[in-house]
Every structure is written in structure tokens, then in C-alpha cells.
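Participant: This is the structure I want to talk about, given as C-alpha cells.
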């Protein structure tokens with residue numbers, strides 16, 4: 001009987017494309033209504049689905065068919081629950097995408113199932129030239145990152161990026177800011193980071209920004225004080241138009257390159273959008289990643 | 001005799017559902033095509049060449065039936081199916097309160113409900129209990145018979161159990177008490193010869209679609225002298241009509257109101273011609289081999305319960321009802337369908353029998369002359385796979 005719930009959704013969807021499934025969807029609907037009103041399902045649709053599945057399996061693997069037949073009720077209940085859970089999370093993801101521009105939710109640090117490397121392709125972006133932003137390390141291979149301090153995907157990539165850089169001293173990291181418009185404090189945060197750079201402590205401040213999500217002006221000052229920045233200069237720098245202009249330079253560079261989300265990485269002439277794992281960076285370094293359309297979760301720019 | 005040339009090929013699926021409806025023979029389709037393409041017209045009361053031809057072909061079927069069953073042309077009525085024929089007898093006879101009808105408890109609904117309907121007229125329906133294997137004890141019949149018994153209605157072969165029924169013996173016993181006999185021959189015609197000239201049967205009904213013919217037509221035999229009035233009237237049944245009254249024709253046409261199923265009736269004629277051409281001797285010999293093989297399949301199979309007779313001698317027709325342990329009958333039928341075998345599942349319109357057997361339903365394999373030993377070998381393998389699921 002539980003199979004009718006899944007059958008209704010599956011056949012209704014298939015019925016969009018083929019009339020033969022519409023009759024089955026009708027049967028499934030009748031069965032669901034009967035079940036919901038505590039009446040026995042009379043169509044026998046669930047029996048037919050079960051028997052058809054078992055018969056197909058009988059030809060391939062009789063022993064598997066036997067196991068599934070003996071535990072069919074439990075399995076069908078489990079699949080039904082999984083189906084509805086999957087539907088629920090899909091709906092949540094669609095809502096998140098509509099509301100926040102990403103499928104994982106506003107404050108989620110989780111990686112998206114989509115991955116440019118895993119999906120065999122990276123985003124096709126115009127190249128950017130290194131040597132503009134603050135650099136970590138002295139390796140002769142430069143990994144350029146366009147990131148936003150208020151983007152959960154940029155933040156989520158940090159530990160993997162750190163691990164990768166430790167393992168590969170030949171790689172240095174250049175950070176370019178790309179504040180995401182939807183993140184209200186991101187522009188100010190980017191300015192504060194540049195002001196920390198002026199006092200030679202960009203990377204300490206960078207780490208502090210990713211470890212503390214409160215990027216209010218007051219807390220930006222506190223973080224600056226905590227890492228030993230001189231606050232009068234810091235405040236003046238943050239207020240200076242030249243600092244804002246510097247942020248805009250990075251913004252323009254990112255937009256001119258076609259970058260649509262953070263983090264975006266450049267290495268060996270290949271660009272990748274979205275959070276990456278250590279192995280992704282390894283592949284990028286080895287040149288195993290080709291350009292191509294990538295579907296990724298990222299903080300989207302406007 | 002190779003009969004495959006007479007039937008549509010069973011390339012992907014072996015057809016094991018002939019008790020529900022047999023395959024339609026190619027000569028039957030050809031004959032019906034001929035009617036529609038060459039002389040399509042209504043029968044009787046017409047002067048043009050087409051109606052003359054269609055009437056000739058239509059009337060010719062009565063002649064064929066008479067020859068086939070050793071009876072008279074006038075004793076056959078065109079009906080929609082066996083069910084209508086039986087209903088016709090129930091509705092077309094006069095019944096008095098206290099009259100009794102005997103039926104067995106293994107009948108198809110079509111040979112039970114028409115009699116149960118008569119209870120409204122005060123007719124008592126007495127039930128002859130068959131044995132669990134479907135055989136019928138003549139002594140039990142004797143106990144039920146009385147002077148009040150007006151009719152004994154029974155199947156020549158159960159559509160679920162397939163047990164051999166001693167038709168002639170039972171009919172003679174009932175006739176001795178003065179009861180009329182109605183034989184439901186739905187599962188019999190097309191498998192075994194039925195000599196109505198010798199068999200003491202007053203009414204007999206069968207459907208064309210179970211013996212290679214088309215759907216929507218059958219025949220009711222009513223022996224000359226056995227009282228029967230039309231159960232509905234209309235065009236073609238009357239001698240004279242005024243706005244106040246009418247008088248019916250005397251011959252069988254009085255039973256056939258309205259335009260009959262002309263093409264189908266002509267198709268039925270072609271079907272019985274084909275049966276004659278193949279020969280009952282050949283058919284019975286072939287089916288006997290199939291029955292023996294199928295019985296060994298079922299008796300050797302694990303987790304399979306066969307209902308009805310377990311020996312070929314006790315089998316009256318080539319149908320086998322069974323269940324697989326712990327599997328629903330519909331599931332088994334769907335699985336076997338996926339494995340290339342078309343079988344029917346359910347109560348087979350015999351709910352009292354299903355209750356008697358203590359099941360909701362069974363899977364039924366029913367064979368005909370076009371089935372082969374090779375198909376049964378394949379079926380054995382498929383059934384084995386399904387039975388191992390239990």
C-alpha cells in the first residue's frame with residue numbers, strides 16, 4: 001500500500017510526458033485516497049509493482065529477488081520515508097535557492113553536492129593576473145582566490161585550503177576581495193581587512209574574520225584590537241575613500257573576469273567556482289581539471 | 001497435427017489463459033473479414049444481394065451447429081454468451097413457488113446467480129456439494145432430488161478445478177426424477193465432443209470466445225419440447241403486431257430480438273468448422289499429453305499447491321489452479337507474465353468455490369490445442385523461479 005504514495009508522484013511526473021502513465025497515476029491516486037480514508041486499496045497496483053520488480057530481478061539474481069520479496073514491506077516503507085525526506089529537503093533547497101541564492105541556506109557551512117571538479121568541469125572565466133592582493137607564502141605557483149569574508153562557502157573552504165597550502169609550499173595564496181552585495185557587512189569587512197594589511201597583519205585579520213561571524217563595525221574594531229592593530233590608524237583607514245576604492249578595484253576585476261560566486265580560484269590558468277576539497281586543489285595543481293560548465297554552490301555576485 | 005498455422009503466433013508470451021478466452025483462430029478472423037468487406041449487411045427481410053448472402057451465411061451457422069452437436073437447427077438460439085444463455089433459461093421458463101433447482105457449489109457465478117435470482121419467485125435453490133477435488137458424487141445428487149426438482153444446472157467442467165464430471169450419469173439420474181438438465185458447457189465445447197443427440201440434456205450453453213471464436217456471441221441449445229419463452233422481445237421476433245398486442249413467431253427467431261451479432265455468429269460457424277477440421281480426436285490426444293506434463297510440473301514443484309485432481313484420469317479439462325506459498329495469487333500471475341506466461345489470477349467468478357477452498361483466489365493456467373510441450377517446459381522453469389521466492 002505504501003508503494004502507491006511513491007507511485008503517485010513517479011507516475012504523475014512520467015504522465016506529463018506519456019499518456020500510458022496517466023492511467024497508472026490515476027490508479028495510484030485512487031489508492032492513496034482510499035488509504036487516507038482508511039479503506040482498502042482495490043487497484044492491486046502495489047501488488048503489480050512489487051511483482052513486476054521481483055520478476056525483473058528474478059531473471060538477474062534469484063537470490064536477491066528472494067531477499068527483497070521477503071522484506072518487501074519493510075523496504076517499501078523505508079523507501080517511502082526516504083522519498084518523502086528527499087522531497088522535503090529538495091523543497092527546502094529550492095526555497096533556499098530562491099531566498100538566498102544558494103541551496104544550502106543562508107548560514108550553512110555545508111558543502112554543496114555539486115562540485116565543479118567532481119562534475120568534471122570548471123567554470124569558464126576570463127583570466128585574472130596575480131600580484132594585486134595580499135599574498136600568503138613564497139611559492140612560485142600562485143593560487144588566486146576571490147573570496148568574501150561573509151560568505152559561508154568561502155569560510156567553509158578555509159580548512160581545506162590551509163591543509164593544501166601546508167602540503168604544497170611551492171604554492172602561494174593571493175586573496176582578492178569580492179564582497180557579496182547580499183551580505184550587508186561584506187564591503188566594510190573587506191575594507192577592514194585591507195586596513196589590517198596596511199599594518200602588516202592581513203592574514204591574522206583574515207583568520208579572525210573567518211573565525212568570528214559577527215562583522216559589525218564594533219566587532220571589526222574589537223578583532224583589530226585583539227590582533228594588535230593600532231586602532232586610530234585602523235579607524236582612519238576604514239573611513240578613507242582610498243580604501244573603499246581599493247575594494248572596488250578587486251570587485252571590478254572579479255566582475256570583469258565573469259566571476260559570479262565566491263569563492264572562485266585560479267591556478268594554472270584554470271578557474272574553479274565554489275567550495276573545493278584538498279583533492280580538488282590537488283587536481284587543479286596537477287592540471288587535471290579542464291574548463292567546462294560547472295554547477296556549484298557559491299555566494300552569488302550581482 | 002500442427003495447428004500453429006491456424007492461430008496467431010505466441011512469440012513473446014505463451015498464452016495459458018484459454019479458460020477465460022481462447023485465442024481467436026485465423027480462419028475465424030478471415031471469415032469475419034469476409035463478411036465485413038464483401039457482403040456487409042443486415043440479415044433477413046431484405047432483397048438485395050448482400051442481405052441474401054449474409055442471411056445465407058448466418059443461417060448456415062445453425063446448420064453447422066446442428067451437425068456439430070447432433071441436434072436440430074431449430075434447437076439453437078444465438079445469444080451474447082454462455083451467461084446470457086443460462087439467464088435466458090432462468091428468465092424464460094415459468095416457475096412456481098416451491099419449485100426447486102439444484103446447482104453444485106463449484107459453479108461459475110453465471111450458473112449460480114440466475115438461479116439465486118429465482119428465490120424472489122419462491123424457487124428453492126438446493127446446493128449439491130462437490131468434493132474438494134471438484135468431483136461430484138452421484139449419490140449426493142440422488143439425496144437432493146425430489147418431485148419438486150425442476151432443473152439441475154451444472155458445469156461439464158469446473159472453470160477452477162478442471163475435474164472430470166460424469167455428465168451423462170448425472171443427467172440421467174436427474175432425468176429419472178423428472179428434472180430438466182442445463183449443462184454449462186463453457187469449458188467443454190472446443191475441448192471435448194458433445195453429442196446432444198445421445199446426451200440427456202435439455203439446455204446447453206456455451207460461448208464462442210472460449211472455442212476459437214469471437215467475443216460477444218454464444219449459443220443456447222434448448223431441446224425441442226423443453227418449455228422456454230423469449231426473455232426479451234423486439235424486432236424480428238413477431239408474426240403480427242398491433243398497438244394493443246403482438247403474437248410471436250413459432251420458430252427460434254422469436255428468441256432473437258433485434259439485429260444479432262452477425263459477423264460474430266458467422267465467426268462462430270467458422271470456429272466449429274475449424275474444430276471439426278482439426279478433429280476432437282487430435283485435440284483430446286494433444287491435450288491429454290499437455291495435462292500429463294502439467295500435472296508432473298505442479299506435483300514436482302516445491303512451495304506450490306495445486307487445487308483439483310492430481311491425476312490425468314480425473315482431469316476433465318486442461319486447466320490448473322494453484323497458489324505459491326506465501327505469495328499473493330495476483331503477484332504470482334504478474335511475475336509469470338514478466339517471465340513470459342499469460343495466466344489468470346483471482347477467484348475466477350467462483351467465489352463460493354474460493355471460500356470452499358479457503359483461499360481468496362488462485363492462479364490458473366489453462367491450455368488449449370495451440371499450447372506446446374516446449375511452452376510447458378519453459379513454464380516449469382519460470383514457476384520454479386517464482387516458487388523459490390517462498
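We did not get these values from a lab; they are worked out from the coordinates using the rules stated. Note that the coordinates shown come from a computational prediction; the quantities given were computed from them, not determined experimentally. Note: ideal-geometry Cβ built from the backbone for every residue, glycine included; neighbour counts use all protein chains shown.
Participant: Using Cα atoms only, what is the angle between the long axis of helix B:262-278 and the major principal axis of chain B, expressed in degrees (0 to 90) to the nearest 10?
Facilitator: 50
Participant: Sorted by mean Cβ packing within 10 Å, highest first, what order do the peptides B:73-82, B:350-359, B:309-318 take?
Facilitator: Averaged packing, sorted descending, gives the order B:73-82, B:309-318, B:350-359.
Participant: From zero up to wherever the largest Cα-Cα distance of the protein assembly as shown sits, split into 20 Å bins and tell me the percent of pairs in each.
Facilitator: Reading the bins upward from 0: 15, 30, 20, 14, 15, 6, 0.
Participant: If you average over every viewing direction, what projected area does the convex hull of the Cα atoms of the range B:102-248 give, in nm²?
Facilitator: Averaging across all directions leaves 10.8 nm² for the Cα convex hull.
Participant: To the nearest Å, what is the center-to-center distance of the range B:332-348 and the range B:364-379, using C-alpha atoms only?
Facilitator: 13
Participant: In µm²/s, what is D for the range B:228-342 at 10 °C and 1.306 mPa s, where D = kT/(6 pi eta Rh) by Stokes-Einstein and Rh is the Kirkwood radius from Cα pairs?
Facilitator: So the translational diffusion coefficient is about 83 µm²/s.
Participant: Contour minus end-to-end for residue B:232 and residue B:259, with contour as 0.36 nm per residue of separation and end-to-end as the Cα-Cα distance?
Facilitator: 8.4 nm
Participant: Could you please state, rounded to a whole Å, how far the C-alpha centre of the range B:308-328 is from the C-alpha centre of the range B:102-147?
Facilitator: The range B:308-328 and the range B:102-147 have Cα centres spaced 23 Å from each other.
Participant: If R0 is 22 Å, what FRET efficiency do you get for residue A:211 and residue A:132 from their C-beta distance, rounded to 0.05?
Facilitator: E between residue A:211 and residue A:132, to the nearest 0.05, is 0.30.
Participant: Can you tell me what percent of all Cα-Cα pairs in the range B:1-148 are more than 28 Å apart?
Facilitator: Beyond 28 Å sits 47 percent of the P(r) for the range B:1-148.
Participant: Also, I was wondering about something else. Could you work out how far the C-alpha centroid of the range A:144-188 sits from that of the range B:278-302, in angstrom?
Facilitator: Here the two parts' Cα centres lie 80 Å apart.
Participant: Looking at the range A:135-300, send over the antiparallel percent of its DSSP beta bridges, to the nearest 5. Walk me through the numbers on the way to the answer.
Facilitator: Working: 11 of 18 bridges.
The antiparallel fraction comes to roughly 60 percent.
Participant: Right, here's the next one. Restricting to Cα atoms and excluding each atom paired with itself, what does the Kirkwood estimate give for chain A in Å?
Facilitator: One decimal place: 22.7 Å for the Kirkwood radius.
Participant: Another question, if that's okay. Quick one: helix A:45-60 against the long Cα principal axis of chain A, what's the angle to the nearest 10°, folded into 0 to 90?
Facilitator: Roughly 80 degrees, rounded to the nearest 10.
Participant: Rg (Å, one decimal) plus Dmax (Å, integer) for the alpha carbons of the range B:192-269?
Facilitator: Rg and Dmax of the range B:192-269, Cα atoms, are 14.9, 48 Å.
Participant: Listing A:181, B:24, A:264 from the residue with the fewest other Cβ atoms within 10 Å to the one with the most, what is the order?
Facilitator: Exposure proxy ranking, most exposed first: A:181, B:24, A:264.
Participant: Label residue A:18 and residue A:80 with points 7 Å out from Cα along Cα→Cβ: what is the distance between them in nm?
Facilitator: 2.5
Participant: How long are the semi-axes of the ellipsoid equivalent to the range B:26-277, from square roots of 5 times the Cα gyration tensor eigenvalues, in whole Å, largest first?
Facilitator: Over the Cα atoms of the range B:26-277, the semi-axes work out to 32, 23, 14 Å.
Participant: With the contact rule set at Cα under 8 Å and sequence spacing of 6 or more, what percent relative contact order holds for the range B:26-277?
Facilitator: Values: 483 pairs, mean separation 62.7, N = 252.
Taking the mean separation of contacting Cα pairs over the length of the range B:26-277, I get 25 percent.
Participant: Evaluate 2.2 N^0.38 Å with N set to the residue count of the range B:311-367, then give the Cα radius of gyration divided by it. Please report the intermediate quantities before stating the final value.
Facilitator: Working: Rg = 11.7 Å, N = 57, 2.2 N^0.38 = 10.2 Å.
Taking the Cα Rg and dividing by 2.2 N^0.38 Å, one obtains 1.15.
Participant: Something else now. Only bridges with both residues in the protein assembly as shown count here: give the DSSP antiparallel percent, nearest 5.
Facilitator: Here the antiparallel bridges make up roughly 55 percent for the protein assembly as shown.
Participant: For labels at residue A:30 and residue B:241 in the simple 7 Å Cα→Cβ model, what's the distance in nm?
Facilitator: So the label points at residue A:30 and residue B:241 sit 3.9 nm apart.
Participant: Sticking with this structure for a sec: Normalised radius of gyration for the range A:3-100, please: alpha carbon Rg relative to 2.2 N^0.38 Å, two decimal places.
Facilitator: With N residues counted in the range A:3-100, Rg over 2.2 N^0.38 Å equals 1.25.
Participant: Where both partners of a DSSP beta bridge lie in chain B, what percent of those bridges are antiparallel, to the nearest 5?
Facilitator: 55
Participant: Sticking with this structure for a sec: Find how much the distance from residue B:94 to residue B:117 grows on full extension, using 0.36 nm per residue of separation minus their present alpha carbon separation; answer in nm with one decimal.
Facilitator: 6.9 nm
Participant: Starting from the Kirkwood Rh over alpha-carbon pairs, what translational D in µm² s⁻¹ does the range A:135-300 have by Stokes-Einstein at 4 °C and 1.567 mPa s?
Facilitator: Approximately 80 µm²/s, per Stokes-Einstein.
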